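The values are calculated or read from the model by the stated rules, or taken from the named source; none is laboratory data. Quick caveat: nothing in here was measured; it's all calculated off a predicted structure. When we count neighbours, we look across all protein chains shown, and the Cβ atoms used for this are built from the backbone with ideal geometry, even at glycine. Note: accessible area is taken over every heavy atom of the protein model, side chains too, but ligands, DNA and RNA are not part of it. Shrake-Rupley method; radii C 1.70, N 1.55, O 1.52, S 1.80 Å.
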Number of protein chains: 2
Amino acid sequence: MTNSNDGNGGAATASIATGRANMQLGYTPLYLQVRQQLLDKLISGEWLPGAMLPSEQQLSVQMGVSQGTVRKALDALSADRIVVRHQGRGTFVAEHDQRRTLFQFFKIADDKGDRVLPETVYSQLRRAEPSTAESRLLGLRPKAGVWRIVRHRALKGRVMLNEQITLSEDRFPGLDVHVPLPNNIYELYERHFATTVARAAEQLRAVSASAQDADVLGCGETTPILQIDRQAFALNGALVELRRSRCLTEQFHYASDLR
Amino acid sequence: MTNSNDGNGGAATASIATGRANMQLGYTPLYLQVRQQLLDKLISGEWLPGAMLPSEQQLSVQMGVSQGTVRKALDALSADRIVVRHQGRGTFVAEHDQRRTLFQFFKIADDKGDRVLPETVYSQLRRAEPSTAESRLLGLRPKAGVWRIVRHRALKGRVMLNEQITLSEDRFPGLDVHVPLPNNIYELYERHFATTVARAAEQLRAVSASAQDADVLGCGETTPILQIDRQAFALNGALVELRRSRCLTEQFHYASDLR
DNA sequence: TAGTGGTCTAGACCACGCC
DNA sequence: GCGTGGTCTAGACCACTAG
């Protein structure tokens, strides 16, 4: 790319010329190399969330590939919700606005199937020692601390979620300055800690309400509770947040699409 | 397409010429029209599951569009897992083999995060009268009957799932002939009832084990149980299966990827 | 009206699977 | 060696947004 290719349609030639690591099978297509270069710029902070990227034409000249190849790279980033493209406007770095949080990262819906925006009714932040599991998962240095956030969140005016979040103190230095934390916490990560949550994995289990759950959620002890464990990953693939949500599911449910 | 377009790069011209319904905004791109035409053939049964489709080149000639446009249509079908493409081999109608069932339609995993294939240890089929809700959802004619399947399913040798499936008797005539039902029931729908399950929606709640759950799953009554309601949809979008699974989540969990 | 992404076409070459 | 899908290029035109 920077060492420009031969100008004809030779894909493998160009790929080998640029010589990118590719363990899978033989070679890495040019558009994936372009995708990675663009992703690297996003990771480095060269383009901040909300910023407009150069046009396909400009990028194709800068990177020495055809516009079609840049388009394929941008389409791949768009499919991963890393950028957002608007015909007639341009390509933008994806932001954690309310809509994205609601549709990509919040799966609780009411009986009609509509996603409901949760409201934070209680929030607490404190510094703590990580468990060995947390330390390992978050990749903490020895003796590094963590932040623990506890939030109680309401849906349609009723407290439904008892949530605990664990973050590396190193990655989120001075987090306590931002108390009271905003409802949309991924936007906070993004704006003040250069951390964009790109994807997450969740594990769901049915458990009994603890005494604390019963108190927070106003239910009986041993009431069935949906426990949702989440690991959230940054653009570079690093695990940046651990979360456990305990949720009443009498009026709401967790919605999952299989496709 | 059949009424061929003008042969140049005029996209909108070709689209308007073929005049497909498109409520959204203005027009439907040619590749989506091609996608729909291919989907129609799949729905009609012209190409059966597992069959190889004509090559891109052949399709482009048949439909009077460029190979690139056919490719875009096939890529869209591939993204929806309706066809499967293999470099060097061809494009095939997707089948409900064990791998697809496991990865697309079965979200239970063990503590390491590995999907586990369930084993059916008990299966019962009977004809029944639908509830009004079932009748409405499945679009049944008045007085039409349903099949009810009850299955107990084991993971790693332990009964973990108590499952009830409801099907339209009209769509699955003579289903009782196939008793004992195979473990992979979507393959049965596909092979004998011309019904391909293309996608599904699930709603998850935490509930208490009923007396029957306790008996089947070997747990105490009021044990927390993960209840999974599923609606499965055919290629043409019709709702074809209702399912309720009640699941122990002490050794296993429901895995959900947010991306 | 200018600039952006979106579509469509045409043709070349590459990687892969199979015979 | 042949046929398949996958990549890459080049260039045209269309749809949409904004000044």
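Every condition in (1) over 26 Å from A:R158 (Cα atoms); (2) surrounded by 20 or more Cβ atoms within 10 Å (Cβ to Cβ); (3) hydrophobic (A, V, I, L, M, F, W, C) is met by A:L242 except one, and the failing one is (1).
Per the listing A:Q231, A:Q212, the residue uniquely out of contact with any Phe, Trp or Tyr (no Cβ under 9 Å at 6 or more places or on another chain), open to solvent by 30 Å² or more (accessible area, probe 1.4 Å) and under 19 Å from A:H96 (Cβ atoms) is A:Q231. Within the stretch A:46-85, the set of residues being near DNA strand C (Cβ under 9 Å from one of its atoms) and part of a helix (DSSP H, G or I) comprises A:E56, A:Q57, A:Q58, A:L59, A:Q67, A:G68, A:V70, A:R71, A:L74, A:D75, A:S78.
Output the number of residues of the stretch A:149-208 satisfying the condition of being within 28 Å of A:L42 (Cβ to Cβ), aliphatic (A, V, I, L, M) and either within 14 Å of chain B (Cβ to nearest Cβ) or not in a strand (DSSP E or B) (or both). Number of matching residues: 10. Output yes when any residue across the stretch A:58-79 is over 23 Å from the mean Cα position of the chain (by Cα), exposed (fewer than 15 other Cβ atoms within 10 Å of the Cβ) and in contact (Cβ under 8 Å) with a residue 24 or more places away in the chain, and no when none is. Checking the stretch A:58-79: not a single residue is over 23 Å from the mean Cα position of the chain (by Cα), exposed (fewer than 15 other Cβ atoms within 10 Å of the Cβ) and in contact (Cβ under 8 Å) with a residue 24 or more places away in the chain. Every condition in (1) within 17 Å of the chain's Cα centre (by Cα); (2) surrounded by fewer than 17 Cβ atoms within 10 Å (Cβ to Cβ); (3) of a type outside the set (A, V, I, L, M, F, W, C) is met by B:R85 except one, and the failing one is (1).
Residues that are buried (at least 16 other Cβ atoms within 10 Å of the Cβ) and touching a residue at least 60 places away in the same chain (Cβ under 8 Å) within the stretch B:44-57 comprise just one, B:P49. Checked against the criterion of being open to solvent by less than 10 Å² (accessible area, probe 1.4 Å), within 11 Å of another protein chain (Cβ to nearest Cβ) and of a type outside the set (F, W, Y), the candidates A:L248, A:L217 yield just one match: A:L248. In the stretch A:30-42, the residues that are within 14 Å of chain B (Cβ to nearest Cβ) reach residues that are open to solvent by 50 Å² or more (accessible area, probe 1.4 Å) and within 13 Å of DNA strand D (Cβ to nearest atom) with C-beta atoms within less than 9 angstrom, at least six apart or across chains, in these pairs: A:Y31/A:R71; A:Y31/A:K72; A:Y31/A:D75.
With the condition kept exactly as written, say whether any residue in the stretch B:82-102 is at pLDDT 95 or above, within 15 Å of DNA strand D (Cβ to nearest atom) and charged (D, E, K, R). Looking for residues that are at pLDDT 95 or above, within 15 Å of DNA strand D (Cβ to nearest atom) and charged (D, E, K, R), one finds at least one in the stretch B:82-102, hence yes. Filtering the stretch B:86-95 to residues that are away from every other protein chain (no Cβ under 14 Å) and assigned to a loop (DSSP other than H, G, I, E, B) leaves B:R89, B:E95.
Scanning the stretch B:163-190 for residues that are free of Cβ contacts under 8 Å to residues at least 40 places away in the same chain and at negative phi yields B:D170, B:F172, B:P173, B:V177, B:H178, B:P182, B:I185, B:L188.
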